[in-house]
Every structure is written in C-alpha cells, then in structure tokens.
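**Student:** Sending over a structure as structure tokens; questions will come in a sec.
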Amino acid sequence: MPDMQPLISDFVLKLKRRKVEGSHAVARQTAELLRSVVSQHRMGSTNQAAALADAIHAVGEHLIAANPIELAVGNTVRRVLHIIKEEDISFTAVGIEGLSVTAVSDDECDSGNDDRPTLSAAVLASHARNALRAPSLQTLLDDIPVSTALSHSSSSAGDSDGKTGDKSLKTRKLKHDVIAAIGDLIEEIDTCYDQISEQAVEHIHQNEVILTLGRSRTVKEFLYAAKEKKRSFRVFVAEGAPRYQGHALAKELVEKGVQTTVITDSAVFAMISRVNMVIVGVHAIMANGGVIAPVGMNMVALAAQRHAVPFVVVAGSHKYSGWYSSSKCCQSNV
C-alpha cells in the first residue's frame, strides 16, 4: 500500500507526539485510517478476506507500537478485524445456500445422480452456527489470528464458486461491505455520548446526591442530559490530584446550573455515606469487568463498596478492551 504509507506515517507520528488526545478522537481517527486502508487495498484472486485482515493487522501493529498506553487504538483495530471476519462468514453462508445436504459418509461417492455439489449435514450445521452466532463482548474482542480463521472459509467459498467473474464481483462486494461497516463503526463512535446520555434519566432520580472524580466528557454529557430532563440533583466532584481536573468539570457543571461542590480526594470516604450514586468515566474497560481509571478511582470504588453505594461507569464501546485486569477491587460494584 504505497499510497497509504504517508497517511499511516503521519498518524503514527501524531500518536508518538501525543498530538491526538482522548480515546474518542484516537478511536475515530484510527477507524478513518483503517477505512482508507481497506479502500486502497488491492484484493487478490484468492483468500481476499485473509489478505485484507493481514493488511489491517500490519497497520494496527504500527499504530499500537506508536502509543501502547492508548488502548483505544488496539480496540478499534480489533473491531475492524472482527468486521472483516463477520463479512467473510456471511459470504460463506450465502455461498453454501445453493449446496445440497447429503447424509452419506465421506467414503461413499455417488456423483451420477446429481450434478450439484453436496455438503454433509455436519459441515452445513457448523457453517450455520458460525453465521448465526450472536455477537458478544468476548467474541468481539477475541484476539484470535484472523487470517488463519479466514483463510479456510474464504478458500472454501472460492472453491464452490468456479467462475472468475463471480469471484471479482464477490471481491468488490466484500470490500464495499467492509467499508460500509467501518462507516457504521465511525458513526457509533461519533454518537456514543448521545447514546449514553439517553439513559441518564433512568439512573439519576430527583434530589439525588452524586459523586464523581476528575473530569470526564462522558460523565459531563451524562449529567447535562439529566439536567435537561428537569432532574434536580447535587454533584460532589473530587478534584482528582495531581492534575486537578475536577475543578474544570465543576466549573462546567455550574455554568449549566447544576449544584456542584468540589472536595479534596481525601474527603471522599467522609462524604460517601451522603451519596446516592457514584458516576465516573474510565480510560478502558477490561474483558473481565475491571477498569483502567484515573488516579484515585480505586479509593472511590473501595469507599463505595464499603457503604454499598451504586458505582456506575459510563464509557463508549471504543473503550472495551480484550485484555484482562488482575485487580478485583472495582468489579463488585461496577
């Protein structure tokens, strides 16, 4: 992909120099870059999905190495790889629709009765299970080598389709569908704040007292939405040392008419008994329910656990990570 190399190098440089800040901006720009990679990728005659997945995987390795602590890059790369795998499975399922099912064993061959290719019931059932399997967080972020999984399914579908013209049409449709699906992913990233804010009135009730830590745009939009729905509540904002971003969030909430009080991080345990709910944002959500969060979040989670206060984490889907957390302290209330 010589045409894409300047764009890839430029984005890698931005990640290294921290010119792209925030998981939302990083995830969106990563998805846009990968969509361009798919668009410019030259598809071969065989194993198109596997070759496309290899290209995405190679670019993703460079992006992750540029800023390993920004997990949104790796999360977005895995989402795109999952999209390619899903599209290839759907093509395979469509390709086997015209194949007849036979119950004969592999060593029995009776090709004189029917010219159509046949599949055993077990093989057809296996493909159907893969195609109809409901997506989950575990399968979405499963870090299995995609090219290995796709190589077999792509070659199987290619063998059943003997015409070169049909293969070319399938290749173009595969690329088009992958690009469209990545576009849907970008739209999902863009609208994550609105989708999360729609649930604010279900969690925040009248005259409640809420505690948060530091500054999170997701939390801010969540509280804004509750205020716009005429919810009356009070917010305690722990300042979030050493960056003290809680002061910035408190100022923004006051400008919107939310009753807000800034407290020191050390006062969290003293105030937690007066709180109805803790609402926080995080850097990443791990596969086992743990979180990577700002400094001081562990203390807030332990205080909430001690006083049985609901602990709510608000985050977009681009923050879901396939890694596992070794810490268990935050999981009981998240």
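**Student:** Quick one: which residues, 5+ away or cross-chain, put their amide H under 5 Å from the amide H of Val312? H built at 1.01 Å from N.
**Tutor:** Val278, Ile279, Val280
**Student:** Let me ask you something else. So how far, in whole Å, is the C-alpha centre of the stretch 282-296 from the one of the stretch 167-220?
**Tutor:** Distance between centres, Cα-based: 18 Å.
**Student:** While we're here: Expressed in nm to one decimal, what extension gain is obtained for the pair His247 and Met271 from 0.36 nm per residue of sequence separation less their Cα-Cα distance? Each step should come with its number before you reach the end.
**Tutor:** Numbers: separation 24, 0.36 × 24 = 8.64 nm, distance 1.75 nm.
Using 0.36 nm per residue and subtracting the Cα-Cα distance, I get 6.9 nm.
**Student:** Show the residues, 5+ positions off or on another chain, whose built amide H is closer than 5 Å to the amide H of Ala284.
**Tutor:** Placed amide hydrogens put Ile292 under 5 Å from Ala284.
**Student:** What nm value, rounded to one decimal, do you get for the distance between Val254 and Glu208 when each label is placed 7 Å out toward the C-beta?
**Tutor:** Going from the Val254 label point to the Glu208 one covers 2.4 nm.
**Student:** What residues qualify as long-range amide H neighbours of Val262, i.e. H under 5 Å apart, gap of 5 or more or another chain, H built at 1.01 Å from N?
**Tutor:** Val237
**Student:** Using a 10 Å cut-off on Cβ atoms, rank the peptides 55-62, 186-193 from the highest mean neighbour count down. If you can, show how the numbers build up before the last one.
**Tutor:** On the way: 55-62: 18.2, 186-193: 16.8.
Going from most to least packed, we get 55-62, 186-193.
**Student:** Residue by residue through the stretch 248-253, what is 3J(HN,Hα) from phi via Karplus (6.51 cos²θ - 1.76 cosθ + 1.60, θ = phi - 60°)? Round to whole Hz and write x for glycine and proline.
**Tutor:** Result, ordered by residue: 5, 5, 4, 5, 5, 5 Hz.
**Student:** Kindly report, to the nearest 10 Å², the accessible surface of Arg274 as traced by a 1.4 Å probe over protein heavy atoms only.
**Tutor:** Solvent-accessible area, nearest 10 Å²: 140 Å².
**Student:** Still on this structure: List the pairs from Lys251/Lys319; Lys19/Lys85; Lys85/Lys319 whose alpha-carbon separation is above 28 Å, in the order I gave them. Could you put the intermediate results ahead of the total?
**Tutor:** Details: Lys251/Lys319 26 Å; Lys19/Lys85 32 Å; Lys85/Lys319 21 Å.
Those over the limit are Lys19/Lys85.
**Student:** Can you give the translational diffusion coefficient of the stretch 244-327 in µm²/s, computed by Stokes-Einstein from the Kirkwood radius over Cα pairs at 10 °C and 1.306 mPa s? Can you show the working numbers first?
**Tutor:** Working: Rh = 14.2 Å.
Translational D for this selection: 112 µm²/s.
**Student:** Would you mind counting up the charge near Ala270? Only other residues with Cβ under 15 Å from its Cβ, with Lys and Arg at +1 and Asp and Glu at -1.
**Tutor:** Here the charged neighbours net out to 0.
The values are calculated or read from the model by the stated rules, or taken from the named source; none is laboratory data. Remember, it's a predicted structure, so these values are computed and weren't measured experimentally. Virtual Cβ from ideal backbone geometry, glycine too; neighbours counted across all protein chains shown. Ligands, DNA and RNA are stripped out before the accessible areas are found, and what is left, the full protein with its side chains, is counted by its heavy atoms. Shrake-Rupley method; radii C 1.70, N 1.55, O 1.52, S 1.80 Å.
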